[in-house]
Amino acid sequence: MLPMKLRMQAFASYAQAVEIDFEKLDKLFLIHGDTGSGKTAILDAMMFALYGASSGDGRSTFRCALPAAKDLPTEVEFTFSSGGEIYKFTRSIFIKNEKEESKHNCFIFDKDEGR
């Protein structure tokens, strides 16, 4: 699997929408930063989009607790290529009647039709 793009909003330590374009990077790259800067959140966002779970035990809350994310839905969109195909997984969490609900979609892009 080669990651292509990751977009997340109100997810873990990311309040506002953030997009990482992996296609601008080499195929081999390093995610680094200070403790608490959101490195694990990037991996958790990929896992959340695909499986609805985190990349490690003990992390099950994905909604961002920052005030800036209070009224935003938690959304993750992960696009990657595998076996010559392009896939896009999306998953979101929103609060409805004080209860978390989620939505999940998966798309396979048709290269001949451009979608």
Next on the checklist: Restricting to the range 13-36, give me the number of residues that are within 15 Å of E77 (Cβ to Cβ) and assigned to a loop (DSSP other than H, G, I, E, B).
Outcome noted: 2
Checklist entry - For the range 76-98, does any single residue satisfy the condition of being assigned to a loop (DSSP other than H, G, I, E, B), touching a helix residue (DSSP H, G or I) at 6+ places or on another chain (Cβ under 9 Å) and within 19 Å of M1 (Cα to Cα)? => result no
Checklist entry - Would you call T74 polar (S, T, N, Q) and open to solvent by less than 30 Å² (accessible area, probe 1.4 Å)? => result yes
Checklist entry - Restricting attention to the range 1-12, and to residues there that are farther than 16 Å from I86 by Cβ and not in a loop (DSSP other than H, G, I, E, B), which single residue is most open to solvent (accessible area, probe 1.4 Å)? => result Q9
Next on the checklist: Just to be sure I understand, how many residues within the range 17-50 are touching a strand residue (DSSP E or B) at 6+ places or on another chain (Cβ under 9 Å), open to solvent by 100 Å² or more (accessible area, probe 1.4 Å) and at pLDDT 90 or above?
Outcome noted: 2
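The values are calculated or read from the model by the stated rules, or taken from the named source; none is laboratory data. Small disclaimer: the values here were computed from a predicted structure and weren't measured. With ideal geometry, Cβ positions are generated from the backbone for all residues, glycine too; neighbour counts draw on all protein chains shown. Accessible surface is based on the protein model in full, side chains and every heavy atom, while ligands, DNA and RNA are left aside. Shrake-Rupley method; radii C 1.70, N 1.55, O 1.52, S 1.80 Å.
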